1. Compute the label zone of residue 113 within the range 68-88: residues whose backbone N is under 20 Å from the point 7 Å along Cα-to-Cβ.
2. Counting other C-beta atoms within 10 Å, which of 44, 59 has the fewest, and how do the rest follow?
3. Among 76, 132, 100, 51, which comes first, second and so on when ranked by fewest other beta-carbon atoms within 10 Å?
4. Please report 89, 78 as a ranked list, fewest other C-beta atoms within 10 angstrom at the top and most at the bottom.
5. I need two numbers for the range 50-103: Rg to one decimal and Dmax as a whole number, Cα atoms only, in Å.
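Read-outs throughout are calculated quantities, based only on the coordinates presented, and are distinct from any laboratory measurement. Treat the numbers as computed from the prediction; the structure is a model and nothing was measured. For neighbour counting, all protein chains shown are included, and Cβ atoms are generated from backbone atoms with ideal geometry for every residue, glycine included.
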């Protein structure tokens, strides 16, 4: 795992380089752990690990920022839903992680999808993320 962490210093620290680094780190981890990687889009990558006959799918994302137009954000969540639905057909566990560029805030109406420890005012991307969580 130290090899993966050290690779982060290879690129200058910008938002786009963090996205590339995140994807590269998962790709390196997949190779080191005998996992299968698949780049689903420029914002979504999946890695599947096989453990004693069962599968662990990791979906890593980099969502559009709030400065992106609505079409880009909608396409991202549509693509994420498609990937999630495809992987859900396996007898496996799924972890979705990454940078959703979202603030979900705190609302008792959204339990158990949003915990009680959020802060801030929910953003449009936060609405999209909560809606995705509710629909899955």
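1. Correct set: 70-88.
2. Ascending number of Cβ neighbours within 10 Å: 59, 44.
3. Going from least to most buried by this count: 51, 132, 100, 76.
4. Result, fewest neighbours first: 89, 78.
5. Over the range 50-103's Cα set, Rg and Dmax evaluate to 13.4, 44 Å.
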